[in-house]
Amino acid sequence: MTTTASHPATEVELAIGGMTCASCAARIEKKLNRMDGVTATVNYATEKAKVSYDGDVSVQDLIATVEATGYTAQEPAPPERDEAEHTDEDDGLRPLRQRLVTAVTLAVPVVAMAMIPALQFEYWQWLSLTLAAPVVTYAAWPFHKAAFTNLRHGAATMDTLISVGTSAAFLWSLWALFLGTAGEPGMTHPFELTISRGDGSGNIYLEAAAGVTAFILAGRYFEARSKRKAGAALKALLELGAKDVTVLGANGIERTVPVAELKVGDRFLVRPGEKIATDGTVVEGSSAVDASMLTGESVPVEVAEGDPVTGATINAGGRLVVEATRVGADTQLARMARLVEDAQNGKAAAQRLADRISAVFVPVVIALALGTLGFWLGNGPGVAAAFTAAVAVLIIACPCALGLATPTALMVGTGRGAQLGILIKGPEVLESTRKVDTIVLDKTGTVTTGRMTLLAVHTADTTDEAEVLRLAGALEHASEHPIARAVADGALEKLGSLPAPEDFANVPGLGVQGIVDGHAVLVGRERLLAMGVPPLSRSRERGRAMELPEDLRRAKSEAETAGRTAIAVAWDGAARAVLEVADAVKETSPEAIRRLRALGLTPMLLTGDNKAVAQAVAREVGIAPEDVVAEVLPQDKADVVKRLQGEGRSVAMVGDGVNDAAALAQADLGLAMGTGTDAAIEAGDLTLVRGDLRVAADAIRLARRTLGTIRSNLFWAFAYNVAALPLAAAGLLNPMIAGAAMAFSSVFVVGNSLRLRSFRAAG
């Protein structure tokens, strides 16, 4: 698209209504892109169109084009209406749910009477007509409407096949009841499986029309419910931010206001444990900020006056006063939300298998029906027999087994997955698992535990490890710092209990000091020991500088080379130990990497942590050094996935944090750890309920097997149609053969799907 300076490009997002399949989205996208100066992407899953246009085109022109294509479009709602729309989110499902309830309630007795001779009382056929009529007209109206829209534009989809098949079955039944012999008292469907030619005036197919409608509506309803959650990742992202903020006035008076009222330049207070309201700069105080949820960095970031902080991160230490530098849509959190949305909109929705096949199958069936009618009119025993054969072709093509092929396999596959801690969002996801060749793993919380852990204790000569843990653990237990908690938890795990410190003080940015059992104890950075901290009130020791002995200095250097945090411990004027703290690798991660390789996938490690940490984790789990990408900013993770896709790879992404949401949405297959944030879970295609990375391999195996089952179901469903069509065209298909064939194909599809219940997790 070319633009001029006088007509700069403008972007708008339109809400699209009336789409029933991915081919609808493709049709709308094609029409919009034919407009001069317009570039559009239409997403069937999110029911949105992202359109870029120049000044010669208006939003109303875009809406008019969509409406001329047979669908609806609306301008984006004002921000203040979002909350109200969110509360009424379920309203769009209500009509579909009402049609489904109507169809199921009325179709069940119709099918039962047709299939069970004992229920066929004297006028059972008229009761069947009474019950089936609302199903074929009111409940099936969305299919008829979509078929008409497709016909206007020369297209055929699953909706066309459903509408034509059910309408043919219903209209033929009306003819047989009112003008034929099917309406006579005592009419039954006998179990005669002989092949014979007749005029069909005594045959009705109401159970096919009502049953197929109910089956397909059930699948559409559950698909619509899944689509309603497409925007939940964005909502979850924005809900991570603080709702209220304590603003400091010019005279120092504190007042609490909604975050939306915060302005650039305002100063606000952040107490320990609170979320930072927006992006800003620290103007007073020092603390440790837990940014792992947003950045993926496992080690808390120490901040002091002049340091930048990011909205939605958590103040894990002292009191901070922050001056707002970015608010609203300019914050990093808001930019990440836009990245997620862009990735979702740019991700081409997978065309459903049934629609792809129907696009060819429907025209063939209609042509065959017309050919059959013409042949028998010219060569057959009469008009009634000719119409019987032609309508039989349409009826036997009615997609009963086809309608069951995908939903039953999905139902069994997803049910088995839920038992194993795997949630599959929909059929589009399954196609992605077949093509994936590279799997990108976020480090923090996915390969590692996501929390700081005490990994090793190095002691000086004549120093007891238990004594180090008792004194250091007791002092750190009084601190709120995440690293301090790791030391305290490690000490408690080994010793069971810790003494209470008699005195305690935090040394900002360096560590802590205090009195434990009469000992003056220092725990923190090596610089804390070298400073010679002044004595505490109850210390009998004078503050003086201390140095680490050579063996402890070597242990500290090796720990830092491995990407771990080294903490020095001293008491009574001498350095006694070095503690190693890090985000520990999960015990199951190395085995998970082996299983992923066995599936033909190349594992890669992606993290915001530094290279030393990333390489150390990669070595431990068995990922090649060249497959490690470290020091990646949150907004750049999706770019890494794009780069790999640009190299021709099909990429799966496993993550658990807000910083992973955009990359999960961008990837060909997103696997979200259920132990992570809502934003990551909603952006993923597969959710792993447990935090065990081995489940990722099981998820891909199950998804591939479920896809294989759907494909075999579709093959046999169409094979039944293809085998029965010649009989119908020859006029040799009576109701019982048709009913038996339909029943067998449906039972086969269900039975084939039930085999997924035998799926077992590896090892």
Rolling a 1.4 angstrom probe over the protein chains, ignoring ligands and nucleic acids, what is the accessible area of His477 in square angstrom, nearest 10? 110
Taking a 20 Å limit on the Cα-Cα distance, which of the listed pairs Lys435/Lys642; Lys443/Lys637; Lys556/Lys611; Lys611/Lys637; Lys586/Lys642 fall beyond it? Lys586/Lys642
Contact order relative to length of the stretch 91-146, as percent, for alpha carbon pairs under 8 angstrom and 6 or more apart: 45
In whole Hz and in residue order, list the ³J(HN,Hα) couplings for the stretch 710-719 that follow from phi through the Karplus curve 6.51 cos²θ - 1.76 cosθ + 1.60, θ = phi - 60°; x for Gly and Pro. 4, 5, 5, 4, 5, 4, 6, 5, 6, 4
Val365: accessible area at probe 1.4 Å, nearest 10 Å²? 0
Quick one: how many Å² of Leu394 are accessible to a 1.4 Å probe, rounded to 10? 40
With r defined as the distance between the Cβ atoms of Leu495 and Glu560 and R0 fixed at 45 Å, what FRET efficiency is calculated, to the nearest 0.05? 0.95
For a quick protection proxy, order the peptides 252-264, 28-40 by their average other-Cβ count within 10 Å, most packed first. 28-40, 252-264
Residue order for Glu207, Glu480, Glu493, Glu47 - accessible surface, 1.4 angstrom probe, largest first: Glu493, Glu480, Glu47, Glu207
With each label point set 7 Å from Cα along the Cα-Cβ vector, what nm distance links Leu732 and Leu151? 3.2
Estimated FRET transfer efficiency (Asn379, Tyr138; beta-carbon r; R0 35 Å; 0.05): 0.30
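The values are calculated or read from the model by the stated rules, or taken from the named source; none is laboratory data. Quantities reported herein were computed from a predicted structural model and do not represent experimental measurements. Note that we place each Cβ from the backbone using ideal geometry, even for glycine, and neighbour counts take in every protein chain shown. Accessible surface is based on the protein model in full, side chains and every heavy atom, while ligands, DNA and RNA are left aside. Shrake-Rupley method; radii C 1.70, N 1.55, O 1.52, S 1.80 Å.
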